[in-house]
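Undergrad: The following block contains the structure, expressed as structure tokens.
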Amino acid sequence: MYDSLLVDSSKEEFEEYFHQLTSTGECFGLRVADAGVDDRGCERGKGLFATRDFNPGDVVLIEPPLVAAQHTSNKQHAAVCSMWQTQALEAGSPESFSPGFSASTTPASVPPSEGFPMPETVKCSGGCGELYCSSSCAQAAWSAHHCLLCDGPRQGEDQNLSALHEFKSHADSTNDIFHVAAQVVASTALLADKERVAVEDEGGSGGQWWWWELPGDPKSDAALLKAWTRYRVGWKRIWWECVALPDDVDPEDEPVFRGQMQSLAQRSLELLSAALPQCAERYPALFSLDVYGSIIGLFELNNLALVVASPVEDYFIHISDLPSGPDKDAADAVTQPLLDALDTDYDIPCEGTGYYAIQACVNHSCGPNTHAFKRDQDVDGRAVLLAKTAIAAGEEITISYVNEEEGLKARRAALADYGFLCRCERCISDDLKRKAKQAKLKKKSGKKPA
């Protein structure tokens with residue numbers, strides 16, 4: 001069973017899965033298919049292709065994250081709905097402008113903002129302090145994964161609260177990508193539970209089955225494998241094996257470096273297994289080190305920076321634009337000290353990392369035909385790709401994983417973490433120009449070209 005979770009999906013499997021995804025939501029005119037081979041005959045994996053024409057500036061893709069988490073360091077500056085729908089600000093509370101802002105030195109409320117409605121704030125029902133912008137978001141998160149990862153006082157029977165606290169503390173202090181990995185593990189275990197119940201219902205048992213009979217049970221393995229599909233189709237490699245060696249690490253120290261990464265992941269997994277003991281017992285393959293490493297590797301190779309803009313700047317502009325008079329003077333008397341205290345931090349966005357199933361299929365090009373771009377109306381955590389050039393039906397959709405303004409050497413160095421040598425038209429052209437320049441210089445110096 002362990003090997004089944006590590007094997008890449010078949011062409012038929014990923015095409016069926018992505019056909020379902022691209023047939024719903026805001027993905028019309030797209031198809032995920034095999035991307036063929038490059039000019040050297042190397043397989044390029046999956047790719048996203050247009051099934052209709054796009055004009056420059058057209059929206060090509062809008063997609064919510066499958067899983068996502070806010071950067072730990074960003075939490076002191078901004079509060080976001082944990083389902084990444086919008087910033088989670090509590091209207092009337094000065095602390096909502098910055099979680100680190102002291103309430104003891106500020107007024108009890110901000111001026112009324114009828115012309116600038118704030119999003120609702122809903123706190124986690126488990127008492128952990130997670131915030132949501134609506135009851136529906138709170139319920140969706142609870143059902144998807146948070147019922148297992150909530151470390152509030154009203155946690156469920158499947159949890160070890162002290163171990164869960166320790167897991168989260170370890171992730172905060174080492175690498176917050178472990179938070180996202182935990183969401184993958186928890187959501188997969190919960191989905192596998194549902195798949196198993198569905199199978200039992202079909203068999204006429206009324207959904208009654210015994211957890212302790214599941215490890216190694218064929219029905220349990222089948223349920224887990226089906227629940228794993230959405231991650232099985234993603235491009236992934238084991239984390240400590242796929243990360244490029246940092247420039248400040250001596251090549252002779254590479255085994256030590258990779259060993260340290262593996263140890264870090266192993267400790268994280270030990271804490272997560274202790275935090276979710278019943279899940280670990282039901283689905284031991286899901287809690288194996290190589291599978292956990294492949295989950296982290298999935299984000300290393302496919303993650304997209306996730307940004308939700310702060311509405312605070314717009315709020316201050318709203319107050320500034322109020323008509324002159326007593327109401328504006330009263331509002332300024334309250335908001336100006338807040339603005340002065342926050343200084344340049346007042347508009348820091350919520351930042352995190354997320355995995356987007358369709359966007360992860362978009363291959364790199366140093367001369368891409370789309371780019372990730374947030375328009376004014378894109379205020380949530382969904383990924384948005386806009387066409388940079390005209391795209392014809394049948395053409396592959398591409399984005400740049402790195403700063404495309406850089407030269408060939410810098411681009412290739414930045415792409416090292418992705419584990420491939422870019423052979424796009426621009427790179428081939430730049431490489432030919434580089435070689436021609438070298439040959440010309442060697443000819444001038446009297447040396448034979450290499």
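Undergrad: Of the heavy-atom accessible surface of segment 213-295 (probe 1.4 angstrom), what whole percent is carbon and sulfur? Could you put the intermediate results ahead of the total?
TA: Values: 1920 of 3730 Å².
Taking all protein chains in place, segment 213-295 shows 51 percent carbon and sulfur surface.
Undergrad: Can you order the peptides 317-330, 294-307 by their average number of other Cβ atoms within 10 Å per residue, highest first?
TA: 294-307, 317-330
Undergrad: At R0 = 45 Å, how high is the FRET efficiency between Ala393 and Ser169 if r is their beta carbon distance? Nearest 0.05 is fine.
TA: Values: r = 51 Å, r/R0 = 1.13.
With a Förster radius of 45 Å, E is 0.30.
Undergrad: Still on this structure, please answer the following. Which is farthest toward the positive dipole end of segment 218-316 among Val312, Met261, Trp228, measuring Cα position about the Cα centre, with Cβ charges +1 (Lys, Arg) and -1 (Asp, Glu)?
TA: Farthest towards the positive pole: Trp228.
Undergrad: Estimate the FRET efficiency between Lys444 and Gln278 by the formula 1/(1 + (r/R0)^6), using the beta-carbon distance for r and 56 Å for R0, to the nearest 0.05.
TA: Using R0 = 56 Å, I get an efficiency of 0.15.
Undergrad: Once you list every other residue whose beta carbon is under 15 Å from the beta carbon of Asp53, what net charge do they have if Lys and Arg are +1 and Asp and Glu are -1? Walk me through the numbers on the way to the answer.
TA: On the way: positive: Arg31, Arg52, Lys388; negative: Asp58, Glu395, Glu396.
Net of charged neighbours comes to 0.
Undergrad: I would also like to ask the following. Could you check how much of the accessible area of segment 300-377 is carbon and sulfur, as a whole percent, using a 1.4 Å probe?
TA: Values: 1780 of 3570 Å².
Its accessible area is 50 percent carbon and sulfur atoms.
Undergrad: Tabulate in residue order the Karplus-calculated ³J(HN,Hα) for segment 222-237, using 6.51 cos²θ - 1.76 cosθ + 1.60 with θ = phi - 60°, rounded to whole Hz; enter x for Gly and Pro.
TA: 5, 5, 5, 5, 5, 5, 7, 3, 5, 9, 4, 7, x, 6, 8, 9
Undergrad: Just subtract the alpha-carbon distance of Ser263 and Arg423 from 0.36 nm times their residue separation and send over the number in nm, one decimal.
TA: 54.1 nm
Undergrad: Another question, if that's okay. Cross-link partners among aspartates and glutamates for Lys328, C-alpha distance below 19 Å, same-chain residues fewer than 8 apart left out?
TA: Cα-Cα hits under 19 Å: Glu114, Glu313, Asp314, Asp340.
Undergrad: What does the charge count near Tyr356 come to, summing +1 for each Lys or Arg and -1 for each Asp or Glu among other residues with Cβ under 9 Å from its Cβ?
TA: Around Tyr356, the surrounding residues sum to 0.
Undergrad: Let's test the formula: R0 of 30 Å, r as the Cβ-Cβ distance of Leu432 and Ala244. What FRET efficiency results, to the nearest 0.05?
TA: 0.75
Undergrad: If the chain between Leu225 and Ser162 were fully stretched, how many nm would it gain, using 0.36 nm times the residue separation less the Cα-Cα distance?
TA: Full extension from Leu225 to Ser162 adds 19.7 nm.
Undergrad: In nm, what is the difference between 0.36 nm times the number of residues separating Gln377 and Leu289 and their Cα-Cα distance?
TA: Length gained between Gln377 and Leu289: 27.5 nm.
Undergrad: Structure shown: which of Lys46/Lys226; Lys46/Lys409; Lys123/Lys194; Lys409/Lys433 lie over 22 Å apart, alpha-carbon to alpha-carbon?
TA: Lys46/Lys409; Lys123/Lys194
Undergrad: Related question: Give me the one-decimal nm value for the distance between modelled label points at Glu43 and Gln139, 7 Å along each residue's Cα-to-Cβ direction.
TA: Reported label-point gap for Glu43 and Gln139 is 4.3 nm.
Undergrad: Roughly how much of Phe373 is accessible, in Å² to the nearest 10, using a 1.4 Å probe?
TA: 100
The values are calculated or read from the model by the stated rules, or taken from the named source; none is laboratory data. In this text, all values refer to a predicted model and were calculated from it rather than measured experimentally. All Cβ positions, even for glycine, are placed from backbone atoms using ideal geometry, and neighbour counts span all protein chains on display. Side chains are part of the model used for accessible areas, which takes the heavy atoms of the whole protein and leaves out ligands, DNA and RNA. Shrake-Rupley method; radii C 1.70, N 1.55, O 1.52, S 1.80 Å.
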